[in-house]
Amino acid sequence: MIKYNMVDLVGQYKKIKPEIDEAIIKIMDEASFIGGPAVKSFQKNLEEYLGVKHVIPCANGTDALQVALMALGLEPGDEVITTSFTFIATAEVIALLKLTPVLVDVDPNTFNIDPKAVEKAITEKTKAIIPVHLFGQCADMSALKEIAEKNNLFIIEDTAQAISADYKCKEHGTIKKAGTLGDIGCTSFFPSKNLGAFGDGGAIFTNNDELAEKMRVVVNHGMTVRYYHDYVGVNSRLDSMQAAVLDIKLKHLDEYAQARLNAANYYNNAFANNPKIKTPETADFTTHVFHQYTLVLNGVDREGLMKHLVDKGIASAVYYPVPLHLQKAYLDPRYKEGDFPVTESLSKSVISLPIHTELTEEIQKEITDAFLEFVG
Ligand SMILES: Cc1ncc(COP(=O)(O)O)c(C=O)c1O
């Protein structure tokens, strides 16, 4: 039986249960299930927290990415550059809109999209870049923004895993929140995310009034005035119960990030100076909010290790075992095995350990002892 899961959502809920229960009952009493004050309040509070002009709540992070792409007015065949090492949603929405996903390799230390590889992949059809702030730290946005400006490209940040991370802008030394640096930022409130709902949820961020206006309409069937549809849209609304939960959790987000960072530091110390384990590196331009705590193994039988951990009641996971260009649904004559050596090597050697807001040093000691017992 698993004692220590990757997340502990029950433990987190218990600490804020009275507030959450009251907020959910209020929604039921008022029957304001879609839209209404809870969604508006969360939207405003998130705008303030992120320091961004517009937040557009929507149904999930995948829709957020799709709506962002729909708002840019791209044509079928236009190319969108993204990373080969991410969750499928990023490439999925590009393919669904009949745009062409162009994949590039990642930096071996941060696992984030490599700006040099992005630059090399640009053609006259390239219209946008989607960097993913993977596992909780920002991609190199200064380098990417420079490339985007030079080549007249949009940037959509996928910050599903890095909400609340701070980016230190190279140009002015200012600090901005992940997701507010490009033209559009997208996030997910999937329950296990750093800011997780009690179901699906997502949001889109932008400082651009025109894009905001369009995306607000697109998420609601492209409807400008009731039953008048100026765009082809989608049905992608954040429901009121999720908004109420998120509004309460938003107040704890910084404290949640600190708890994750403390847990990551504990792991880092336990695994320091072991030649078989590479602990996560954080780039100097970003904070890390540790959505995942991901190690790179060197000469360790990963399957054997995971089985050993399960025998001790400890969960672990591999994000992601198959690079995007080798996924069956995305096989493409443009790509073959060997094209993205960093991604391919990471997919064979990474392992993620439980990381969440409820870890104690006692639990982490059990986890690290069990891990090191196998690894040596
Ligand atoms: C990097 C990334 N992008 C997009 C998504 C999609 O979010 P959702 O599951 O809310 O659709 C996820 C969620 O797992 C993700 O990790």
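The values are calculated or read from the model by the stated rules, or taken from the named source; none is laboratory data. This structure is a prediction, so every number in the text was calculated from the model and none was measured. When we count neighbours, we look across all protein chains shown, and the Cβ atoms used for this are built from the backbone with ideal geometry, even at glycine. Areas reflect the complete protein model, heavy atoms only, side chains present, ligands, DNA and RNA absent. Shrake-Rupley method; radii C 1.70, N 1.55, O 1.52, S 1.80 Å.
For region 66-113, which residues satisfy the criterion of being part of a loop (DSSP other than H, G, I, E, B), open to solvent by less than 40 Å² (accessible area, probe 1.4 Å) and not hydrophobic (A, V, I, L, M, F, W, C)?
Within region 66-113, 77, 78, 84, 86, 105, 110, 112 qualify.
Is it the case that region 152-164 has a residue that's near the ligand (Cβ under 10 Å from one of its atoms) and over 11 Å from the mean Cα position of the chain (by Cα)?
no
Can you tell me which of 78, 63, 107 is within 19 Å of residue 243 (Cα to Cα) and either among the polar types (S, T, N, Q) or at pLDDT 95 or above (or both)?
Unique residue meeting the criteria: 63.
May I ask you to list the residues in region 44-62 that are away from the ligand (no atom under 16 Å from the Cβ), part of a helix (DSSP H, G or I) and out of contact with any His (no Cβ under 9 Å at 6 or more places or on another chain)?
44, 45, 48, 49, 50 - these are the residues of region 44-62 that are away from the ligand (no atom under 16 Å from the Cβ), part of a helix (DSSP H, G or I) and out of contact with any His (no Cβ under 9 Å at 6 or more places or on another chain).
Out of 316, 352, which single residue is hydroxyl-bearing (Ser, Thr, Tyr), open to solvent by 20 Å² or more (accessible area, probe 1.4 Å) and within 17 Å of residue 2 (Cβ to Cβ)? Working first, answer last.
Values: 352 fails: open to solvent by 20 Å² or more (accessible area, probe 1.4 Å).
Testing whether each residue is hydroxyl-bearing (Ser, Thr, Tyr), open to solvent by 20 Å² or more (accessible area, probe 1.4 Å) and within 17 Å of residue 2 (Cβ to Cβ) leaves just 316.
Quick check: is even one residue across region 210-219 under 30 Å from residue 11 (Cβ atoms) and open to solvent by 20 Å² or more (accessible area, probe 1.4 Å)?
Scanning region 210-219 turns up no residue that is under 30 Å from residue 11 (Cβ atoms) and open to solvent by 20 Å² or more (accessible area, probe 1.4 Å).
Is it the case that region 89-98 has a residue that's in contact with a Gly (Cβ under 8 Å, 6 or more places away or on another chain) and hydrophobic (A, V, I, L, M, F, W, C)?
Checking region 89-98: at least one residue is in contact with a Gly (Cβ under 8 Å, 6 or more places away or on another chain) and hydrophobic (A, V, I, L, M, F, W, C).
Just to be sure before I move on: is residue 341 modelled with pLDDT of 95 or more, open to solvent by 50 Å² or more (accessible area, probe 1.4 Å) and within 17 Å of residue 107 (Cβ to Cβ) in the structure I sent?
Yes; evaluated as a whole, the condition is true for this residue.
Testing residue 181 on (1) surrounded by 19 or more Cβ atoms within 10 Å (Cβ to Cβ); (2) within 11 Å of the ligand (Cβ to nearest atom), one condition comes back false. Which one is that?
Of (1) surrounded by 19 or more Cβ atoms within 10 Å (Cβ to Cβ); (2) within 11 Å of the ligand (Cβ to nearest atom), only one is false for residue 181: (2).
In the list 140, 78, which residue meets the criterion of being away from the ligand (no atom under 16 Å from the Cβ) and touching a residue at least 60 places away in the same chain (Cβ under 8 Å)? Step through it out loud before you land on a result.
Values: 78 fails: touching a residue at least 60 places away in the same chain (Cβ under 8 Å).
On inspection, the qualifying residue turns out to be 140.
If you take the residues of region 184-227 that are among the hydroxyl-bearing types (Ser, Thr, Tyr) and away from the ligand (no atom under 16 Å from the Cβ), which of them is modelled with the lowest pLDDT? Spell out the reasoning first.
So the first thing to find is which residues in region 184-227 are among the hydroxyl-bearing types (Ser, Thr, Tyr), and the list is 187-188, 192, 206, 224, 227.
Then drop every residue that is not away from the ligand (no atom under 16 Å from the Cβ), which leaves 206, 224, 227.
On the way: 206: 98, 224: 91, 227: 94.
Within region 184-227, the match that is modelled with the lowest pLDDT is 224.
Can you say whether residue 217 is touching a strand residue (DSSP E or B) at 6+ places or on another chain (Cβ under 6 Å) and not charged (D, E, K, R), as far as the supplied structure shows?
Answer is yes for this residue.
Is it fair to say residue 170 is of a type outside the set (S, T, N, Q), open to solvent by 10 Å² or more (accessible area, probe 1.4 Å) and more than 16 Å from the ligand (Cβ to nearest atom)?
Numbers: of a type outside the set (S, T, N, Q): yes; open to solvent by 10 Å² or more (accessible area, probe 1.4 Å): yes; more than 16 Å from the ligand (Cβ to nearest atom): yes.
The answer is yes for residue 170.
Of everything in region 220-233, what is exposed (fewer than 13 other Cβ atoms within 10 Å of the Cβ) and on the phi > 0 side of the Ramachandran plot? Give them in sequence order.
The answer is 227, and nothing else.
Run down 330, 319, 293 and say which single residue is within 28 Å of residue 167 (Cα to Cα), among the hydroxyl-bearing types (Ser, Thr, Tyr) and in contact with a Leu (Cβ under 7 Å, 6 or more places away or on another chain).
293
Restricting to region 115-140, name every residue that is farther than 27 Å from residue 77 by Cβ and either open to solvent by 40 Å² or more (accessible area, probe 1.4 Å) or part of a helix (DSSP H, G or I) (or both).
Answer for region 115-140, where residues must be farther than 27 Å from residue 77 by Cβ and either open to solvent by 40 Å² or more (accessible area, probe 1.4 Å) or part of a helix (DSSP H, G or I) (or both): 134, 135, 136, 140.
Could you list, in sequence order, all residues of region 145-174 that are at pLDDT 95 or above and in contact with an Asp or Glu (Cβ under 8 Å, 6 or more places away or on another chain)?
If the condition is that a residue be at pLDDT 95 or above and in contact with an Asp or Glu (Cβ under 8 Å, 6 or more places away or on another chain), then 147, 154, 155, 156, 164 are the ones that fit.
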